[in-house]
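The values are calculated or read from the model by the stated rules, or taken from the named source; none is laboratory data. Just so you know, these numbers come straight off a predicted model, no measurement behind them. Every residue, glycine among them, receives a Cβ derived from its backbone with ideal geometry; neighbour counts consider all protein chains shown. These accessible areas exclude ligands, DNA and RNA; they are computed on the full protein's heavy atoms, side chains included. Shrake-Rupley method; radii C 1.70, N 1.55, O 1.52, S 1.80 Å.
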Amino acid sequence: MTTGNRLAGRVVLVYGGGRGIGRGCALAIGSEGATVVVGDLNAASATDVAGEIEARGGRALGLGCDVADLDTVTAVVSAGLAAGGRIDGVVNLAYAGTGRVVIEELGVEALRREFEVGVIGSFLTLRSALDELKKTKGSVVNFTSGSAIEGTPTLAAYAAAKAGIRTLSHVAANELGVYGIRVNTVCPLGLSPSVARYYQANPEAYEESAGRVPLRRYGDPEADIGPAVAFLLSDDARYVTGQTFMLDGGQTHL
Ligand SMILES: NC(=O)c1ccc[n+]([C@@H]2O[C@H](COP(=O)([O-])OP(=O)(O)OC[C@H]3O[C@@H](n4cnc5c(N)ncnc54)[C@H](O)[C@@H]3O)[C@@H](O)[C@H]2O)c1
């Protein structure tokens with residue numbers, strides 16, 4: 001089921017695309033005609049999402065990958081080249097999810113893992129595709145979090161890594177614009193399965209949390225966030241780089 005052709009003939013790598021917002025992005029990008037390579041720590045979920053795209057008439061493949069590990073990231077790039085002969089887009093949503101803890105109790109290992117997956121992962125996914133992105137004047141989309149802007153208590157490791165991703169993306173946009181490569185950052189609010197499960201068990205908590213969002217709800221990964229990411233990958237966003245897109249129903253202000 002192709003809903004558009006803004007990405008027809010292109011190859012897009014989606015890291016962390018096996019679940020949640022990443023799955024929503026992969027489906028939306030596939031429905032715009034791109035060949036999607038889904039890379040995820042969970043190889044089975046990556047394959048499942050690729051299967052969903054193909055079941056809708058799109059082209060996709062899924063494989064296991066740790067964005068903090070250069071070899072597996074390079075394998076995703078190679079798979080994209082084998083599938084379509086080019087790389088036009090890189091979307092990285094992977095994050096470590098080390099949980100909530102106050103700084104007084106935060107261990108350095110959690111901080112290290114958030115930075116490895118978040119900052120180093122965003123670096124490796126971009127860097128490993130760079131030569132190919134130069135050829136296609138490609139587009140990169142990384143994911144930050146409102147917690148990095150607000151300094152949310154108990155999320156020091158995650159929020160600091162997310163701030164690092166945003167700054168890395170900003171520097172990359174400034175450096176790589178000369179090649180026609182665009183690099184943007186998305187700050188989402190989405191009902192991913194883990195978030196949805198928590199709120200299904202605690203509906204009052206959802207009402208309270210969603211009530212603080214101007215649009216009064218969490219976003220749907222495929223319908224609310226995926227299409228905006230597809231836009232950033234497309235020629236419709238050809239003059240857009242170095243920006244942070246708040247795809248969060250108005251929850252956080254820059
Ligand atoms: N859900 C929200 O409301 C929200 C809010 C702010 C920011 N974000 C950001 O959006 C992105 C997606 O969030 P989500 O809620 O859909 O997450 P999620 O936990 O549902 O999905 C994350 C995916 O990344 C994969 N992953 C984890 N570590 C990986 C690694 N090292 N290499 C490759 N894949 C890995 C997981 O297996 C999973 O499939 C994340 O970057 C998150 O920080 C989400």
Residue-averaged [θ]222 nm for the chain, counting only DSSP H segments that reach four residues, each worth -39500 (n - 2.57): -14000 deg cm²/dmol
Spread of Cα-to-Cα distances over 10 Å intervals beginning at zero, given as percent, for the chain: 8, 33, 38, 18, 3, 0
Average projection area in nm² (convex hull over Cα atoms of the stretch 4-113, one quarter of hull surface): 7.2
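So for Phe143, Phe115, what's the accessible-area order with a 1.4 Å probe, most first?
Values: Phe143 10, Phe115 75 Å².
Ranked from most to least accessible, the order is Phe115, Phe143.
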Asp131 paired with Asn5, simple spin-label distance in nm, labels 7 Å along Cα-to-beta-carbon: 3.3
Rounded to 5, the percent of DSSP beta bridges in the stretch 11-237 classed as antiparallel: 0
Accessible surface, per residue, of the stretch 11-237 when the full set of protein chains is kept, probe 1.4 Å, Å²: 43
Distant-in-sequence amide H partners of Gly242 (H built 1.01 Å from N, under 5 Å): Val183, Asn184
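Expressed as a whole percentage, what fraction of the accessible surface of the chain belongs to carbon and sulfur atoms when a 1.4 Å probe is rolled over the protein heavy atoms?
On the way: 6160 of 11710 Å².
Here carbon and sulfur together make up 53 percent of the probe-accessible area.
Please sort by residue number the chymotrypsin sites (Phe, Trp or Tyr not before Pro) in the stretch 172-249 whose DSSP state is loop and whose Cβ has at most 12 other Cβ atoms within 10 Å.
Working: sites: Tyr179, Tyr198, Tyr199, Tyr206, Tyr218, Phe231, Tyr239, Phe245; in loops: Tyr218, Tyr239.
Here the chymotrypsin sites (Phe, Trp or Tyr not before Pro) that fit, given the DSSP loop and packing criteria, are Tyr239.
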Extension gain from Thr244 to Glu54, taking 0.36 nm per residue of separation minus the Cα-Cα distance: 65.3 nm
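Report the calculated FRET efficiency for Arg112 and Glu207 (r = Cβ-Cβ distance, R0 = 41 Å), to the nearest 0.05.
On the way: r = 37 Å, r/R0 = 0.89.
For Arg112 and Glu207, the calculated efficiency is 0.65.
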